[in-house]
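What follows is a short report on a single structure.
The values are calculated or read from the model by the stated rules, or taken from the named source; none is laboratory data. Here the structure is a predicted model, which means the values were calculated and not measured. Glycine also receives a Cβ, built like all others from the backbone with ideal geometry; neighbour counts cover every protein chain displayed. SASA here: full protein model, heavy atoms, side chains in, ligands and nucleic acids out. Shrake-Rupley method; radii C 1.70, N 1.55, O 1.52, S 1.80 Å.
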Amino acid sequence: MNSSVIEARGLFKSFGNQAVLRGIDFDVCSGNVLAVIGSSGSGKSTLLRCLNGLETADRGHVFFHGIDLQARTKGAFEAKKRIGMVFQQFNLFANLNILQNCMLGAEKVNGKSKAEARDIAVSYLTDVGMAGYIDAKPHQLSGGQQQRAAIARALTLEPDVMLFDEPTSALDPELVGEVLAVIRQLALSGRTMVIVTHEMQVAQELADEVIFMDDGVIAEKGPPEQIFSQPKEARTASFLARFRQGRFSQPAP
Amino acid sequence: MSADWFVRIIVRYWPLFLRGAGLSLLLALVGTLAGLLIGLGVASVKSLPPGRTVAGRVLRRAVNLLLTCYIELFRSTPMMVQAMVIYYGSEMFFGISVDKLTAAFFIISINTGAYMSEIVRGGIFAVPKGQVEACRAIGLTHGQSMLYVVLPQTLRNILPATANEFIINLKDSSVLNIISVNELFFVSRSVAGANIRYFETFLITSVIYLAMTLPMNRLLKYFERRMDGPRTFNVKEVTG
Ligand SMILES: Nc1ncnc2c1ncn2[C@@H]1O[C@H](COP(=O)(O)OP(=O)(O)O)[C@@H](O)[C@H]1O
Ligand SMILES: [Mg+2]
């Protein structure tokens, strides 16, 4: 009953002579949350960027509802519009206010009228608790507020899947909560998501499946209960152990 | 030298000075704006994504090479020399005799365009890459992301440099006296020569140039504030 929204098949990607992705396969089923964990430099961002066409894999395919995103076809271009992306650094458009940031896609990409685009923008900004800030320019807001607006911006395109690349890593610790609350709400409402995160607690709580990446390959894949309490691979165990020792949040026992 | 001469020159020649100053100002204004447009065009073409087909890539290379030649040629030779070559060359080689005023506007524009191309390129480069990726992520085309996100920020980034170009143009329009354009320097030279009063005349000329260039700083600050928009925002009451 759960159909695949995204199928990654045999992804390879190198930058120069550095192999960053070395054969990646996985599926994301409709309504599921996939969490990607792994140490810095293991290729998580590159993987996520391959999923929405910001990078093109050297080999392999990404299928979105069966459409090959690597193909340079109109279908692939249209399909990419239905994949939302949230960046570590928010990447709001600095020249536009929050409302304009969220209207641009609906208006120019989805062809809505100004009034419709505005309604859509305001509705998603309300969902993330940012409706009061529509007149603000990005630099006038805190990181947490910017990230919530960036999530609203991605949602205005009514994507079938949302990709998050360490959405809370650039935030001051006290601002992490408000962004996670929005992400949690999205996950619980049944959105299909892929989230790269260092928040193990979030991965454990929200994910239907967890991928542990190490050196360009999926070292281990499984349900969160298993990955976090009985990792099969030594690499996974040592990564998690390093994490628990560190200053990062611990998964609840 | 006597104060007397200042008064006499001003009283007698002020309409001439005024017209000369007006033309200098117009040359600088048109030159800077046209140069800005040229710069936006050249830099936009140079920042196009690489072609997908072999033919497309070859064409891109050729166009880029041509644009680089244009930029380097005009940045590496004095405008005075360019004026001579273009003004006399156009007649000699193409048989078109452009009037000197048209030539002057053309020369200052194309010369400024060469500098502005590099300035705009820097301004485009200064727009954070992440925002361009966000454009792609929401499905905007390259043209749309340039239009709505990159170029507006580029314009803001290059505002000070553009104002600087304007000041340079205001002063450097004086070299166009070489093709007998009635700008301020040319007028001043005629006045000075007619009365054999060089110092007095050119002191007046200096004051006029100063009066035109000094307000630029304030004008720049004004435009910067306008482009930046309000410093604060009001949190809206959220209802419903
Ligand atoms: N555009 C690029 N050019 C060259 N190397 C890159 C580029 N993007 C990423 N890399 C390299 O690829 C590796 C994996 O990067 P990344 O996918 O960002 O890892 P992660 O998100 O897991 O930290 C890193 O060593 C990084 O330096
Ligand atoms: Mg990363």
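To keep it simple, each residue is scored yes or no on (1) more than 14 Å from chain A (Cβ to nearest Cβ); (2) part of a helix (DSSP H, G or I); (3) surrounded by 19 or more Cβ atoms within 10 Å (Cβ to Cβ); (4) in contact with a Leu (Cβ under 8 Å, 6 or more places away or on another chain).
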{"residue": "B:127", "(1), (2), (3), (4)": "no, no, yes, no"}
{"residue": "B:131", "(1), (2), (3), (4)": "no, yes, yes, yes"}
{"residue": "B:144", "(1), (2), (3), (4)": "no, yes, no, no"}
{"residue": "B:155", "(1), (2), (3), (4)": "no, yes, no, no"}
{"residue": "B:166", "(1), (2), (3), (4)": "yes, yes, yes, yes"}
{"residue": "B:169", "(1), (2), (3), (4)": "yes, yes, yes, yes"}
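Residue B:47 fulfils the conditions (1) under 25 Å from residue B:146 (Cβ atoms); (2) more than 19 Å from the chain's Cα centre (by Cα); (3) open to solvent by 30 Å² or more (accessible area, probe 1.4 Å); (4) free of Cβ contacts under 8 Å to residues at least 24 places away in the same chain except for a single criterion, (4).
Going by what's in this entry, would residue B:149 be described as more than 11 Å from the chain's Cα centre (by Cα), open to solvent by less than 10 Å² (accessible area, probe 1.4 Å), within 14 Å of chain A (Cβ to nearest Cβ) and modelled with pLDDT of 95 or more? Full working, then the answer.
On the way: more than 11 Å from the chain's Cα centre (by Cα): yes; open to solvent by less than 10 Å² (accessible area, probe 1.4 Å): yes; within 14 Å of chain A (Cβ to nearest Cβ): yes; modelled with pLDDT of 95 or more: yes.
So residue B:149 passes the test.
The lone criterion from (1) more than 14 Å from chain B (Cβ to nearest Cβ); (2) of a type outside the set (Val, Ile, Thr); (3) within 16 Å of ligand 1 (Cβ to nearest atom) left unmet by residue A:207 is number (3). Report whether or not residue A:14 is without any contact (Cβ under 8 Å) to a residue 40 or more places away in the chain, out of contact with any Leu (no Cβ under 7 Å at 6 or more places or on another chain) and within 14 Å of ligand 1 (Cβ to nearest atom). For residue A:14, the condition - without any contact (Cβ under 8 Å) to a residue 40 or more places away in the chain, out of contact with any Leu (no Cβ under 7 Å at 6 or more places or on another chain) and within 14 Å of ligand 1 (Cβ to nearest atom) - is not met.
So which residues in the range B:90-115 are open to solvent by less than 50 Å² (accessible area, probe 1.4 Å) and at pLDDT 90 or above, if there are any at all? Those that are open to solvent by less than 50 Å² (accessible area, probe 1.4 Å) and at pLDDT 90 or above: B:103, B:104, B:105, B:107, B:108, B:109, B:110, B:111, B:112, B:113, B:114. Only residues that are without any contact (Cβ under 8 Å) to a residue 24 or more places away in the chain and either open to solvent by 10 Å² or more (accessible area, probe 1.4 Å) or more than 7 Å from chain B (Cβ to nearest Cβ) (or both) were counted across the range A:129-144, and they come to 2. Within this structure, residue A:233 passes the test of being surrounded by fewer than 18 Cβ atoms within 10 Å (Cβ to Cβ) and either among the aromatic types (Phe, Trp, Tyr) or away from ligand 2 (no atom under 16 Å from the Cβ) (or both). Of the residues A:101, A:91, the single one that is facing chain B (nearest Cβ under 10 Å), open to solvent by less than 30 Å² (accessible area, probe 1.4 Å), outside any strand (DSSP E or B) and away from ligand 2 (no atom under 16 Å from the Cβ) is A:101.
Do we have residue A:82 as more than 16 Å from ligand 1 (Cβ to nearest atom) and under 24 Å from residue A:197 (Cα atoms) here? Yes: the conditions hold for residue A:82.
In a residue-by-residue description of the range A:150-170, the property of being free of Cβ contacts under 8 Å to residues at least 12 places away in the same chain, open to solvent by 40 Å² or more (accessible area, probe 1.4 Å) and not basic (Lys, Arg) applies to no position.
Here residue B:162 passes the criteria (1) part of a helix (DSSP H, G or I); (2) open to solvent by 40 Å² or more (accessible area, probe 1.4 Å); (3) in contact with a Leu (Cβ under 7 Å, 6 or more places away or on another chain) except the one numbered (2).
Within the range A:36-68, the set of residues being open to solvent by less than 10 Å² (accessible area, probe 1.4 Å), under 16 Å from residue A:4 (Cα atoms) and aliphatic (A, V, I, L, M) comprises A:51, A:62. Residues in the range A:39-64 that are in contact with a Phe, Trp or Tyr (Cβ under 9 Å, 6 or more places away or on another chain), within 14 Å of chain B (Cβ to nearest Cβ), within 14 Å of ligand 1 (Cβ to nearest atom) and without any contact (Cβ under 8 Å) to a residue 60 or more places away in the chain: 1 in all. Mind listing just one residue for me: the one in the range B:218-240 that is away from every other protein chain (no Cβ under 14 Å) and in contact (Cβ under 8 Å) with a residue 12 or more places away in the chain and, of those, farthest from residue A:94 (Cα to Cα)? Selected residue: B:219.
Which one is least open to solvent (accessible area, probe 1.4 Å) among residues in the range A:12-22 that are more than 16 Å from ligand 2 (Cβ to nearest atom) and within 10 Å of residue A:57 (Cα to Cα)?
We begin by selecting, within the range A:12-22, every residue more than 16 Å from ligand 2 (Cβ to nearest atom); these are A:12, A:14, A:16-17, A:19, A:22.
Remaining after also requiring within 10 Å of residue A:57 (Cα to Cα): A:12, A:14.
On the way: A:12: 67, A:14: 47 Å².
Top of the filtered list is A:14.
For the residues A:128, A:62, A:122, the requirement of being more than 16 Å from ligand 2 (Cβ to nearest atom) and farther than 27 Å from residue A:176 by Cα singles out A:62. For the range A:203-214, the condition holds for no residue, the condition being that it is touching a Pro at 6+ places or on another chain (Cβ under 7 Å) and aromatic (Phe, Trp, Tyr).
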